[in-house]
Amino acid sequence: DSADFDKEVESICPFCGVGCQVSLKVKDNKVKYVEGINGPANEGRLCVKGRFGFDYIHHDHRVTKPLIRREDAPAKGLNVDPANWQSHFREASWDEALDFAAAGMKGRGREIAGFGSAKCTNEEAYLFQKLIRQGFGHNNVDHCTRLCHASSVAALMENVGSGAVTATFNEIENADVAIAIGCNPIENHPVAATFFKQFTKRGGKLIVMDPRGQALKRFSSHMLQFRPGADVSMLNAIMHTIVEEKLYDQQYIEAYTENWEAEKAHLADFSPEAMAGICGIDAETLRDVARTFAGAKAAMIFWGMGISQHIHGTDNSRCLISLALMTGQVGRPGAGLHPLRGQNNVQGASDAGLIPMFLPDYQPVTDDGVRSAFTKVWGSADFSNERGLTVTEIMDAVHDDKIKGMYILGENPAMSDPDVEHARKALAKLDHLVVQDIFITETANYADVILPASAFAEKAGTVTNTNRQVQMGRPAVSPPGDARPDWWIEVELAKRLGLDWNYDSPADVFAEMKQNMRSLENITWDRLENENAVTYPSLSPEDPGQAIVFGDGFPRPDGRARFTPASVIPPDDVPDAEYPMILTTGRQLEHWHTGSMTRRSHVLDGLEPEANCSLHPSTLRKLGVAPGEHVTLTTKRGSISIMAREDRAVSPDMVFLPFAFVEAAANILTNPAVDPFGKIPEFKFSAVRVEAT
Ligand code: SF4
């Protein structure tokens, strides 16, 4: 009823990478409710988070004034009661807080590192990486892509020449077969999952592969619940069958790929019969999947962090790329590779250069020509040609006394890093920590100064979803108290670091981004204001953008994609007598990442209020634990006590643990070992002991 609101503002859901367009219904400077509108990704649909997960915006825990740590404050890192923060911090004016933040960082070069945010806009991500590079002369700037899809991007860049998806997920409507591996879209990309379900309803074959027997199983033609960590064995066995039975697309391979003979030779050792015992899937099923996929007219491959968060994450993605290439399933309607991106703007933040090895548009920092092109646009910039440190390397460098100050914008490493006590000790050790956020997060508990930022509904800016769709977010309400848009805070801080920055609006920043980002060709701020979304690449000012790319070659030498053979690398932390089970972590439908937003949304928190883990009924019986009682989970890193749920979807030797709950933080347990290429930690596999509490 239009009487319920006095204005409607179109914007983008702030949670997952699907990027649903929403209409925010506003009354008295409050978002009253939300409706889905007809965006290119969501076509009017929303999930429970998008529909009900917005009242965190008006939560009374919001930071409304700049805060500086009191000289007589208790030790850093102690949980700051949001209702009683005054014993830790004192209020300050913006001038005082910005001067203080800048004074602790200015002139300190490599002693300073930055974590930007996949929750902020493209313009804010761009400014953040520019501030670190131009302000401190190096590339020690990263964000949560390192914990998410960095290994997928490493494999895609290596073999396809571009880190983004080759086709939008909506293209599944033109497919007849799809693989969903290591992803749980019904919980993590729920609106994308509705398109998957429709695809099966009209006869599409959905091959689900996951160590958890998740909800998508009900819609699958094949459910391969393989052994955790056995991805490469299973995928190589499927490809072995395609080679052995000559089901590959010779014409496509000859026209568009390289290194096929090496791949073929490598796969000879991976017969389904030899791999069945390793991956826990019988040989005939592996062969049937191979025939089904290779026999498709058009097939897509979707994957999530079940693929990427392993020490062999890059190899997992290499296998998926090879599978698509050998069957010619790229660059046509209904065909393609699609890593389902996590955060709402993790694609955009990566595109904007919030990564230590790349400037915007994945242009290498090691390339002098690239750096001088940016120097020209940025004026006085002079920054290193060495790749910077990644998220987990930065924490190690703090422990090694190489990094002494950090600027953290909208990220929560005190909850999200693997072996989180290591990260928490690093944060406590810093002699200057600037945190910019909307709440006093677990990371802000360690801050010397907190800069109060804006929620998505309080500022303008563009975000880019998993489909490469650049979309316009608009302000619907004003920020509480003295909170400010993140871009404004970044500009004010940069000026105090001595940088000559003159931006009056996010549109100014977007205009600068376009100068060195070919991906934004034909995409203007005005277009986005008018059209809400444009997919990149867009071939003309009228082109809504290309849903499918690489139909006629790849952005690699000679236009050819590459087969990179993958060998089996076992998980780093294998079960033994002391830690006999396997721990895997992930998200659940109602909560988003470290929970700072969704646990402050009353509907979502009401639906899922308590930290929980999932165990098979037989495991619970063996432990003598009833569902709802507590178990203690212990790994080599630490121990937590948590309520146990009965869940037949996890195998008897496995425990699934969501990472949104600070009171039983999953990352106290996780293994920090990283993939050597993507530098992504192995969140999906740790040896664990489970006991009755
Ligand atoms: Fe938001 Fe993702 Fe849900 Fe869409 S599917 S409403 S983007 S959380």
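What is the sum of charges around Asp282, taking Lys and Arg as +1, Asp and Glu as -1, for the other residues whose C-beta is under 11 Å from the C-beta of Asp282?
Numbers: positive: Arg287; negative: Glu273, Glu284, Asp288.
Around Asp282, the charge tally is -2.
Rounded, prolate or oblate: which fits the range 146-243, taking a ≥ b ≥ c as square roots of the Cα gyration tensor eigenvalues, rounded meaning a/c under 1.5, else prolate when a/b beats b/c?
Numbers: a/c = 1.42, a/b = 1.19, b/c = 1.19.
Note, shape of the range 146-243 comes out rounded.
Magnitude of the Cβ-charge dipole of the chain, K/R +1 and D/E -1, about the Cα centre, nearest 20 debye? It would help to have the intermediate numbers written out before the result.
On the way: 69 positive and 92 negative charges, 143 e Å.
Its charge dipole is roughly 680 debye.
Listing Phe219, Phe293 from the residue with the fewest other Cβ atoms within 10 Å to the one with the most, what is the order? Walk me through the numbers on the way to the answer.
Working: Phe219 19, Phe293 25.
Fewest-to-most ranking of Phe219, Phe293: Phe219, Phe293.
So what is the calculated 222 nm ellipticity per residue for the chain, using -39500 (n - 2.57) for each DSSP H run with n of 4 or more, over all residues, to the nearest 500 deg cm²/dmol?
Details: 23 runs with 204 residues, N = 693.
Value at 222 nm, helices only, nearest 500: -8500 deg cm²/dmol.
Under the rule a/c < 1.5 gives rounded, and otherwise a/b versus b/c splits prolate from oblate, where does the range 233-364 land using the Cα gyration tensor? Working shown, then result.
Working: a/c = 1.97, a/b = 1.59, b/c = 1.24.
Note, shape of the range 233-364 comes out prolate.
Compute the acute angle (0 to 90°) between the alpha-carbon long axis of helix 368-378 and the principal axis of greatest extent of the alpha-carbon atoms of the chain; round to the nearest 10°.
Once rounded, one gets 40 degrees.
List the cysteines in the chain whose Cβ has no other cysteine Cβ under 4.7 Å from it.
Cys16, Cys47, Cys120, Cys144, Cys148, Cys183, Cys279, Cys319, Cys613
In the range 362-468, what GluC sites (Glu not before Pro) fall in a loop by DSSP, with at most 15 other Cβ atoms inside 10 Å? Please report the intermediate quantities before stating the final value.
Working: sites: Glu386, Glu393, Glu411, Glu421, Glu442, Glu458; in loops: Glu386, Glu411, Glu442.
Sites meeting the loop and neighbour criteria: Glu386.
Assign unit charges at the C-beta atoms only (+1 for Lys and Arg, -1 for Asp and Glu), then state the dipole size of the range 421-575 relative to its Cα centre in Debye, rounded to the nearest 20. Could you put the intermediate results ahead of the total?
Numbers: 15 positive and 24 negative charges, 78 e Å.
Dipole of the range 421-575, to the nearest 20 debye: 380 debye.
How would Lys7, Lys76 line up from fewest to most surrounding beta-carbon atoms within 10 angstrom? Each step should come with its number before you reach the end.
On the way: Lys7 11, Lys76 18.
Arranged by neighbour count, lowest to highest, Lys7, Lys76 become Lys7, Lys76.
Provide the net charge surrounding Glu261, with neighbours chosen by a C-beta distance below 14 Å and charges set as Lys +1, Arg +1, Asp -1, Glu -1. Walk me through the intermediate numbers first.
Values: positive: Lys264, Arg560, Arg562; negative: Glu254, Glu258, Glu263.
Combined, the nearby Lys, Arg, Asp and Glu give 0.
Using packing as a proxy for protection, rank 241-251, 606-616 so that the peptide with the highest average count of other Cβ atoms within 10 Å comes first. Please list the in-between numbers first.
Working: 241-251: 15.7, 606-616: 18.1.
Result, highest mean Cβ count within 10 Å first: 606-616, 241-251.
With the cut-off at 1.5 for a/c, could you classify the range 536-660 from its C-alpha gyration tensor as rounded, prolate or oblate? Could you put the intermediate results ahead of the total?
Numbers: a/c = 3.33, a/b = 1.66, b/c = 2.01.
Oblate is the answer for the range 536-660, as a/c is 1.5 or above yet b/c matches or exceeds a/b.
I need Val232, Val631 ordered by Cβ neighbour count within 10 Å, fewest first.
Values: Val232 24, Val631 20.
Ascending Cβ contact count within 10 Å gives the list Val631, Val232.
Quick check: the angle from helix 231-244's long axis to the longest principal axis of the chain, C-alpha only, nearest 10 degrees?
Value to nearest ten degrees: 40.
How much net charge surrounds Gly334 when only the other residues with a Cβ under 13 Å from the Cβ of Gly334 are counted, with Lys and Arg +1 and Asp and Glu -1?
Numbers: positive: Arg202, Lys205, Lys297, Arg332; negative: Glu171, Glu173, Asp176.
Counting the neighbours of Gly334, the net charge comes to +1.
Coordinate-derived values only; no laboratory data. For clarity, every value in this text was computed on a predicted model and none was experimentally measured. FYI the Cβ positions are ideal-geometry reconstructions off the backbone, even for glycines, and counts take in every protein chain you see.
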